[in-house]
Each structure stands twice: as C-alpha cells, then as structure tokens.
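What follows is a set of notes on a single structure, which appears directly below.
The values are calculated or read from the model by the stated rules, or taken from the named source; none is laboratory data. On a predicted model such as this, the values are computed, not experimentally measured, just so you know. Please note: Cβ atoms are built from the backbone with ideal geometry, for glycine as well, and neighbour counts cover all protein chains shown.
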Amino acid sequence: MLSVIAFIGVLNLPTLIKTYLIEPEPELQANSPYPYLLNPTAELQALHFTKWSVVQENGYWVYQMKESVSEQSVSAQELSQRWQQLVGTEVDSQTYTDLTPQLNTPHTIEVWYQDQEEPQRITYYQLPEFWLLKNWNDQWLAVSVDRDFLFP
C-alpha cells in the first residue's frame with residue numbers, strides 16, 4: 001500500500017515542482033488592459049520600416065539604414081522597447097468603416113519574431129489625431145503618440 005502511494009507521488013512530482021518551486025514567467029498581457037500592437041508573448045527579432053530597420057544582433061539592438069540619413073536621436077534598444085510596449089484602443093468594424101474615407105495611403109512595417117518563418121505585417125495609417133494600426137491579432141488599434149515617438 002505504501003509503495004502505491006509513493007508511486008503516485010513520483011508521478012505527480014513534475015507538477016508539484018512546477019507549481020511550488022519554479023516561479024512563473026510574468027504575463028505581459030496583464031500589464032495593460034489595452035491590446036498590444038506586437039505579440040507580447042513572442043520574442044522580437046527585427047522591425048523593418050521603409051527606409052531603415054531595427055534589428056537584434058548578438059543580443060544588442062542596432063539600426064540598419066537603407067539610405068544615408070543623419071544620426072538617430074533615439075537608441076535602437078529604446079525604439080524596440082517603445083514598439084514592443086505599444087498598446088492602443090481597439091477600433092470596432094463600424095468605426096473603421098466610418099474612418100475609411102479619411103484613410104490615405106497605407107504603410108507597412110515588417111515585424112520578425114524568433115522561431116517564426118513569416119513576418120507579421122503591420123498596416124498603418126496616420127490620421128491627424130491618431131495612428132490606426134492593425135495589430136498581431138488582426139485588430140485595428142487607435143494609438144495617440146507623436147510621430148517622433150515611433151519614427152525618430
């Protein structure tokens with residue numbers, strides 16, 4: 001009888017270790033009641049914009065310029081964090097339909113995550129009062145930030 005109880009205990013040992021001895025990773029989604037633009041659970045590797053990119057190389061974030069431009073005012077590390085932490089207000093389909101006449105040319109950003117074969121493509125529009133961006137979960141988000149905050 002004692003051996004049966006010991007056997008059941010050994011079977012449950014991995015669950016007990018996970019529950020009581022290993023601290024869970026912090027849940028990024030819990031940090032904000034608003035939806036994230038980028039996938040908060042995936043590890044970001046690169047952001048590719050029209051004229052430049054921010055890429056993680058050997059654990060450090062660096063700029064890669066496609067054209068000759070002046071020195072960036074914000075470090076690549078800080079810029080990548082801004083994009084990773086960007087949240088917005090979800091725009092429902094009716095509001096999006098109402099905004100459609102105001103939308104000009106769409107722009108796209110490619111977002112690469114570790115261990116994914118295809119990038120996330122963020123379509124965005126710049127309106128006078130806010131940015132309209134399509135997030136990783138196919139939701140339209142309204143984000144009110146200065147242009148230099150996202151594109152220094």
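Among all positions in region 99-111, there is at least one residue which is surrounded by 18 or more Cβ atoms within 10 Å (Cβ to Cβ) and either small (Gly, Ala, Ser) or assigned to a strand (DSSP E or B) (or both).
In the set (1) over 12 Å from LEU38 (Cβ atoms); (2) among the aliphatic types (A, V, I, L, M); (3) at pLDDT 95 or above, LEU141 fails one condition alone, (1). When you check TYR60 against the structure, is it aromatic (Phe, Trp, Tyr), exposed (fewer than 14 other Cβ atoms within 10 Å of the Cβ) and more than 22 Å from ASP148 (Cβ to Cβ), yes or no? Yes: the conditions hold for TYR60. In the set GLN102, GLN94, GLN114, only one residue is of a type in the set (S, T, N, Q), within 18 Å of the chain's Cα centre (by Cα) and at pLDDT 90 or above; that residue is GLN114.
Within region 112-133, restricting attention to residues that are polar (S, T, N, Q) and more than 17 Å from THR41 (Cα to Cα), the residue that is surrounded by the fewest Cβ atoms within 10 Å (Cβ to Cβ) is THR123. For region 57-98, the set of residues classified as in contact (Cβ under 8 Å) with a residue 40 or more places away in the chain, in a strand (DSSP E or B) and touching a helix residue (DSSP H, G or I) at 6+ places or on another chain (Cβ under 8 Å) consists of VAL91 only.
For region 5-62: of the residues being among the small types (Gly, Ala, Ser) and under 30 Å from GLY88 (Cα atoms), which is modelled with the lowest pLDDT? Once the filter is applied, the top-ranked residue is ALA30.
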